[in-house]
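The structure appears right after this line, and notes come after that.
The values are calculated or read from the model by the stated rules, or taken from the named source; none is laboratory data. These numbers were taken from a predicted model, which means no experiment stands behind them. All Cβ positions, glycine included, derive from the backbone under ideal geometry; neighbour counts span all protein chains shown. Accessible surface areas use protein heavy atoms only, side chains included; no ligands, DNA or RNA. Shrake-Rupley method; radii C 1.70, N 1.55, O 1.52, S 1.80 Å.
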Amino acid sequence: MLFNLAGMGDMNWCGPAGEACTARGTPYWLVLQHAHEDYHFADDDRTDAALALARGARRVLVVSKRNHRALERSLGTALANVEVAVNGVTAATLAAGERTMREHPLHTKGPVRLLCLARFDPAYKGQDLLLEALAHPEW
C-alpha cells in the first residue's frame, strides 16, 4: 500500500489506514511530498500517531535531505526507515529536451494543452500563477 502525503499534517489522516494495514499484515510505504521546517503537530497525541504511522511503514520516502531533517525534527526522533527519493529526470534528459525545444520551437494557433506532472494544488505548487501569466495577451 502506498500513501501519498502532501504534507506532514496528512500523517494524521492516514493513521487509521496504517493501523488497518498493520492489523492485516499489509506492508505500506509513505511518500512525503513536503516537510515544512517549522511544522509541529498540534499535540502529543497527534505527534505519537504520526510517529507510529512512520515507524510502521516499510519505507518513508522524502524528496530531499532537508525534508528528512524536518520530518525527524517534527517527530522528535530519528527514523531508520527514511529514504531520500531522487528525481528520475537526469541532467542529460533535461539538456536533450532543451536542445529539442531550440531546434523545434513551438508554434501554435488555437488552444494549447499543458501537462502538469505534479498534483494540482495552487497553494503549494503555484499553478495559479502560471495560469495567470499565460492568460496575458502576449501568450
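Observations, loosely collected:
- Distance between the pseudo-spin-label points of A78 and F120 (7 Å out from Cα toward the beta carbon): 4.3 nm.
- The chain, accessible area per residue, ligands and nucleic acids excluded (1.4 Å, Å²): 73
- The DSSP beta bridges internal to region 1-74 are antiparallel in roughly 0% of cases.
- Most positive-pole-ward Cα, V112, L32, W139, against dipole of the chain from beta carbon charges: V112
- Cβ charges +1 (Lys, Arg) and -1 (Asp, Glu), total dipole of the chain, debye: 600
- Considering only G9, V82, A42, the residue lying farthest towards the positive end of the dipole of the chain is V82, judged by Cα position with unit charges set on Cβ.
- Helical segments meeting 20 Å axial Cα length and Kyte-Doolittle -0.5 threshold in the chain (DSSP H): 10-24
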